Amino acid sequence: MIIGIPKEIKTLENRVAATPGAVESLVRRGHTVLVETGAGVGSGCPDEDYVAAGAQMVDVDKAWSADMVYKVKEPIAKEYKYLREGLLLFTYLHLAADKPLTDALLASGTTGIAYETVQLPNGALPLLTPMSEVAGRMATQEGAKFLEKPMGGSGVLLGGVPGVPPAQVVVLGGGVVGINAAKMAVGLGANVTLLDVNHGRLQYIDDVFGGRITTITSTEPNIREWVKKADLVIGAVLIPGAKAPHLITRDMLKTMKEGSVIVDVAVDQGGCVETIKATTHDQPTYVVDGVVHYGVANMPGAVPRTSTLALGNQTLPYAIAIANHGVDALRKDRALALGLNTYKGKLTCPAVGAAFGMAA
Ligand code: NAD
């Protein structure tokens, strides 16, 4: 199959779908790989490494002319002209939040396979997990940075020093983001408390951290009590398919310490803090009631070298299956089949259909 890897053109997006190593894996299996010139530069993958791996460097039109286009972000309006019947598009699509793209994919007859709906039998979302791992680990790092006085924070060092107590980190939600945030905070020597509604998850975290994390059942009074003590709060809750619940209300905010920091990773689902709004890497924070709010909705974009590798590690086996077998790959693998969102002008993902009141 001919596989195209275009350069990502969303603002400040430096990831690329495949590293030179991934390209080599595809070429070794007999596929032709067309990489747009400069596609990997932002992730530290120069053109000459792709050439050495067996790719042909091409312009954007040629990359999109391939049988299969392997990308990171959903196509933006400028790219709609490349959508067509017979094209296999493998990328994040997030269609439930993007009616114009849904319409463009359906009108063109493109086969759209979305990373975010590929789902294993145990319910795990293997192509979302690596970005949650990155965002979770970054959340603590960003929180530590914005606690510094010159960055607007209270001037507390997460780990403290001998004779001076460490900071109190409170993590709301103990899923992929939450456990990764907690792991980093423990590593830096902070006091860490994690709240979740899922008791099984609290048992697991209590077991694996051997008492280094205090686990608390997530209820309104418990959240109220712990945010008061927090230097850094990390919002990491998810109710699949729904808007995040506002666990920290405006009145709770008023009880927090001056200069404390909230990193609300769940901001992409509306956020779990009443006063959070989406921000960008250019201007990541703002202050409400003396509390620094961080609401960047695409945190992994700031560390494209790590994010490209982490995402590519997980997407490559599926990309190889699609390249080897075309749409038949979906018949062989139920998890990948759940990734199919659009096919021959029809919507094939019920969750997207529900978002638009359309049959799927
Ligand atoms: P996950 O499903 O692995 O974990 C969510 C956890 O929240 C679960 O353990 C669940 O039990 C818990 N939860 C649900 N309701 C709760 C409540 N009321 N109180 C406490 N805990 C509760 O999800 P995840 O992969 O960790 O993702 C978390 C959020 O981070 C999602 O909204 C995801 O989209 C977002 N995210 C954002 C970025 C970014 O750049 N901002 C990057 C990756 C993920």
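The values are calculated or read from the model by the stated rules, or taken from the named source; none is laboratory data. Just so we're clear, the structure is a prediction, and the values are computed from it rather than from any experiment. Please note: Cβ atoms are built from the backbone with ideal geometry, for glycine as well, and neighbour counts cover all protein chains shown. Quick note on the areas: whole protein, heavy atoms, side chains included, nothing else; ligands and nucleic acids left out. Shrake-Rupley method; radii C 1.70, N 1.55, O 1.52, S 1.80 Å.
Carbon and sulfur atoms: what percent of the 1.4 Å accessible area of the range 129-302 do they account for? The value for the range 129-302 is 55 percent carbon and sulfur by accessible area. Note that the range 238-352 presents 46 Å² accessible area per residue, ligands and nucleic acids not counted, probe 1.4 Å.
In this Cβ point-charge picture (+1 for Lys and Arg, -1 for Asp and Glu), the chain has a dipole of about 340 debye about its Cα centre. Solvent-accessible area of the range 1-125 (1.4 angstrom probe, protein heavy atoms only): carbon and sulfur portion equals 54 percent. Using a cutoff of 8 angstrom between alpha carbon atoms and counting only pairs six or more residues apart, the relative contact order for the chain works out to 17 percent.
In the range 129-302 the Cα-Cα distances spread across 10 Å bins starting at 0 as 11, 44, 37, 7, 0 percent of all pairs. Remark: the range 1-154 carries 39 Å² of accessible area per residue (probe radius 1.4 Å; ligands, DNA and RNA excluded). Shown here for the range 1-34: trypsin sites (Lys or Arg not before Pro) in loop regions (DSSP other than H, G, I, E, B) with at most 16 other Cβ atoms within 10 Å, namely K10, R29. Can you tell me the 0 to 90 degree angle between the C-alpha axis of helix 199-208 and the longest principal axis of the chain, rounded to 10? Taking the Cα atoms of the chain, the angle to 199-208 is about 80 degrees. If one puts a single equal scatterer on every Cα of the range 95-185 and applies the Debye formula without solvent, what log₁₀ I(q)/I(0) results at q = 0.14 Å⁻¹? Each listed q corresponds, in turn, to -0.70.
If you average 1/r across every pair of different Cα atoms in the range 225-287 and take the reciprocal, what Kirkwood value do you get, in Å? Walk me through the numbers before you get to the answer.
Details: mean 1/r = 0.0825 Å⁻¹.
Value: 12.1 Å, from the Cα pair sum.
For the chain, the fraction of alpha-carbon pairs lying more than 33 Å apart is 34 percent, rounded to a whole number.
In this calculation the C-beta distance from I9 to N313 is compared with R0 = 22 Å, giving a FRET efficiency of 0.40.
Taken over the range 167-240, the percentage of Cα pairs per 10 Å bin, counting from 0 up to the bin with the maximum distance, is 22, 61, 17, 0.
May I ask you to compute the full-extension gain from R212 to H199, defined as 0.36 nm times their residue separation minus their alpha-carbon distance, rounded to one decimal in nm? The partial results should precede the final answer.
Working: separation 13, 0.36 × 13 = 4.68 nm, distance 1.75 nm.
2.9 nm is the gain from fully extending R212 to H199.
Among G40, G211, G259, which residue has its Cα furthest toward the positive end of the charge dipole of the chain, with +1 on Lys/Arg Cβ and -1 on Asp/Glu Cβ? The residue sitting farthest along the positive end of the dipole is G211. Approximating the spin labels as points 7 Å out from Cα along Cα→Cβ, the K257-to-T219 distance works out to 2.6 nm. To the nearest 10 degrees, how steeply does helix 129-146 sit against the main Cα axis of the chain, on a 0 to 90 scale? In the chain, helix 129-146 runs at an angle near 40 degrees to the longest axis. Annotation for the range 214-236 versus the range 29-75: alpha-carbon center distance of 45 Å.
Taking Cα pairs under 8 Å and at least six residues apart, what relative contact order does the range 129-302 come out at, in percent?
Numbers: 392 pairs, mean separation 37.0, N = 174.
Here the relative contact order equals 21 percent.
Straight-line reach from K145: which lysines fall under 26 Å, measuring Cα to Cα and dropping same-chain residues less than 8 apart? Reachable lysines: K183, K228, K229, K254, K257, K277.
Calculated [222 nm] ellipticity per residue, helices only, for the chain: -9500 deg cm²/dmol; basis is -39500 (n - 2.57) per DSSP H run with n ≥ 4, divided by all residues, nearest 500.
For the range 82-180, applying the loop criterion from DSSP together with a ceiling of 12 other beta carbons within 10 Å to the trypsin sites (Lys or Arg not before Pro) yields R84. Against the chain, whose longest principal axis comes from its Cα atoms, helix 176-187 is set at around 50 degrees. Between A107 and A359, what's the calculated FRET efficiency when r is the beta-carbon distance and R0 is 22 Å? Round to 0.05. Plugging the Cβ-Cβ distance into 1/(1 + (r/R0)^6) gives 0.85.
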